[in-house]
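Please read the structure below before turning to the comments.
What follows draws every value from the coordinates through simple rules; no lab data is involved. Computed from a predicted model, the values in this text were never measured in an experiment. So basically every Cβ, Gly included, is an ideal-geometry build from the backbone, and we count neighbours across all protein chains shown.
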Amino acid sequence: MKKKRKKIFRKEAVFVLIVFLAITSFLFIQKRGEIYKVDSQKKTYLKGDVPTSNEVFATLSKDTLVLVDSADPSSLEAKEQFEQILKDMRMGYQTVDVAAETIPEFSAYQKVVILLSALDLMQERTPDLMAWVADGGNVLFGMTLFQEEILKGIDQDLGVLDSNPNNAVVSSIFIDDTFMIGGGKAYKIDEPFDAARTVSLSDDSKVYAWIDDNSKNPLVWEKDYGSGHFVIDNLGFYDRSVRGIHAASYSLLTDTAVYPVIDGATYYLDDFPAPVPAGNASFIKRDYNMSVSDFYTNVWWPDLLKLHDKYGIKYTGLVIENYEDDTSGKIKRQEDTERFNYFGSSILANDGEIGYHGYNHQPFSLDNVDYGDVYPNYKTWASTEAMAASMTELDRFIKDLFPDIETSVYVPPSNVLSAEGRQMLVSQFPQVKSIASNYFSEDFAYSQEFEIADDGMIEQPRTVSGTIWDDYAKLTAFSELNMHFVNNHFMHPDDALDEDRGAANGWAKMFESFEKDIVWIEESAPDLRKLTGSELAGAVQRYAILTVQQSQNENGLNINLGNFHDEAYLMVRLNNEAKPGNVSGGSLTHLTGNLYLLQAKEAQVTIEMK
Ligand SMILES: [Zn+2]
């Protein structure tokens, strides 16, 4: 009996011990942040020889003629945007400068994009152009046209009933809800000017966008003419924030338009994990009565994780090891790793990822760069070796913290990266497969396109930033949903400390504003994939090399994809009022109006037409 009791007692002891160990290890995990798993089977990047964007572009047949006037700065601005738009849509083009070259025969092309503000520059070929369109040609007027005699002669054919020599101020753009993702609402213009021709249109013109005021002045419309048709872009501005609108206009030109997109939303957290940011703690003190460090642990990060739980957002955290300004190449290891461990583990446990940002926050530039008054706190590096030593240390630091992860995305501090710094990364750190910097150009900023650079680097510009999105950010986000089907966002923990970034509103208000914009993205594009930085890089890689050939027969629309690997995403616009039936080789999701998202699973896709 005694023996038995003893045995039972032992069993109880073992049970207690197990419970104790479980609690202890739970607490230990809690302290470390959270447990994370690493999926080593992920096929993020393509293997082997991947062509560059320029190599792929060179193979496209040039079925679009682009007319520009090198004597007109606006025409050159439009040229810069439209050429990139067409390259990104994988539409081959030939550009002809009417100030220096003879306009070729239109019959050699399928589409003509006219980036001229006046038709007297057409080398008296306007009658030719009209005849070609009547015969089935397609013309996009990409620039606001100047009121002139020749234009009066063809206005009716373009759908213009009446016009006024005083241009209309484009203060907002209302997008018809069947035209683009995120349509059915107006987007405010940041710095409005009299950019649009003042017109009223005939009933047989189809208007897709207009100024959101009593005038409802048309900004994008389409008009059939004989067997062909005209599309008129009357926005009057040409920058990266409205590319999606110009791209959508271009996609109206032919019966069907099929072009590759990226399909990804990525949320970068710059400087996270990093040492506790310096800055004005007064708003945190005012609203939460806690230290900045506690605020990030108990408020900021739990709030952001709510967005992961609710909308599936994946965060890519970018490590800064220290905020010192030593650019000599002499390394001092960060010893205080608790915060890095806690937040890094939590990012990873919540489907996120860790990326490179810096050993410190000094951008990779050498002494040939003078930051002047723009970045008074930034120093340049002593040498290429010094930059490389800091990068090696950052890599060592991340690997020591998280031995099982792969790190492949680099984000330059303040989006500043010199040619020498970039070269150092390419030649010495082959694990860096993608750079995520800025879509827009600012002082010293490394500005990018979504592409594979000539040296193989995958470029993935961040398109929107901050907790509170201004009108320009919203317009850009809308435009990019349509241009690349992408939302590449970044924010900083110290937004909540910085009055210029809205900190005086208090974090609760900032977070509310951020969530509202996330909800708007979710509602506009529920199918947009939530990706980490490296997953977006992989998506850009697949997107950037894809070529598209389409043809129609009695079976429907046949799409042949070049450089296809495992999957691809494409926008499909069906302008001929046909409805899609069965799809083989992929699946089709309705986006809005006659616009669809195609997920291709094979290089040959057929869409039956009803
Ligand atoms: Zn930073």
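For the chain, what does the relative contact order come out to in percent, with C-alpha contacts under 8 Å and a separation of six or more? Show your work: numbers first, answer last.
Numbers: 1261 pairs, mean separation 96.4, N = 610.
Value for the chain: 16 percent.
Just need the relative contact order of region 546-609 here, percent rounded to a whole number, with Cα pairs under 8 Å and 6+ apart.
That works out to 40 percent.
Round to the nearest 10 and give me the degree value, 0 to 90, for the angle of helix 2-32's Cα axis relative to the longest principal axis of the chain.
Roughly 40 degrees between the two axes.
Take every DSSP beta bridge whose two residues both sit in region 53-261, then give the antiparallel share in percent to the nearest 5. Display every interim value, and only then the final one.
Working: 21 of 40 bridges.
Rounded to the nearest five, the antiparallel share is 50 percent.
Ordered by packing density, taken as the mean number of other Cβ atoms within 10 Å over each peptide's residues, highest first, how do 227-233, 191-197 rank?
Working: 227-233: 22.3, 191-197: 16.6.
By packing density, highest mean first, the sequence is 227-233, 191-197.
Over 47 Å apart: what share of the alpha carbon pairs of the chain falls there, rounded to a whole percent?
Details: 41247 of 185745 pairs.
In whole percent, the share of Cα-Cα pairs in the chain beyond 47 Å is 22.
Only bridges whose two residues both fall in the chain count here: according to DSSP, what percent of them are antiparallel, nearest 5? If you can, show how the numbers build up before the last one.
Working: 56 of 100 bridges.
Of all bridge pairs located within the chain, approximately 55 percent are antiparallel.
Do the sum for the chain: with -39,500 (n - 2.57) for every DSSP H run of n ≥ 4, divided by all residues, what is the mean residue ellipticity at 222 nm, to the nearest 500 deg cm²/dmol?
-9500 deg cm²/dmol
Non-local amide H neighbours of residue 487 (under 5 Å, H modeled in plane, Pro and chain starts lacking H): which ones?
Close amide H contacts, sequence-distant or interchain: 264, 265, 266.
Can you give me the convex hull volume of the Cα atoms of region 264-540, divided per residue and expressed in Å³?
Working: hull volume 33.9 nm³, N = 277.
Convex hull of Cα atoms, per residue: 122 Å³.
Once the dipole of the chain is set up with Lys and Arg at +1 and Asp and Glu at -1 on Cβ about the Cα centre, which of 298, 606, 245 lies farthest towards its positive end?
Most positive-ward Cα: 298.
Assign unit charges at the C-beta atoms only (+1 for Lys and Arg, -1 for Asp and Glu), then state the dipole size of the chain relative to its Cα centre in Debye, rounded to the nearest 20. Could the numbers behind the result be given before it?
On the way: 55 positive and 92 negative charges, 937 e Å.
So the dipole magnitude of the chain works out to roughly 4500 debye.
7 Å from Cα along Cα→Cβ at both residue 338 and residue 227: what's the point-to-point distance in nm?
In this crude spin-label approximation the distance works out to 7.8 nm.
For region 53-261, restrict the atom set to alpha-carbon positions and state the Rg and Dmax in Å.
In Å, with Rg to one decimal and Dmax whole: 16.0, 48.
Give the order of 373, 204, 88, 395 when sorted by the count of other beta carbons within 10 angstrom, beginning with the fewest. Kindly include the intermediate steps, with their values, before the conclusion.
On the way: 373 6, 204 9, 88 23, 395 17.
Ranking 373, 204, 88, 395 by Cβ neighbours within 10 Å, fewest first, gives 373, 204, 395, 88.
Distance between the C-alpha centers of region 358-433 and region 132-192? Whole Å please.
46 Å
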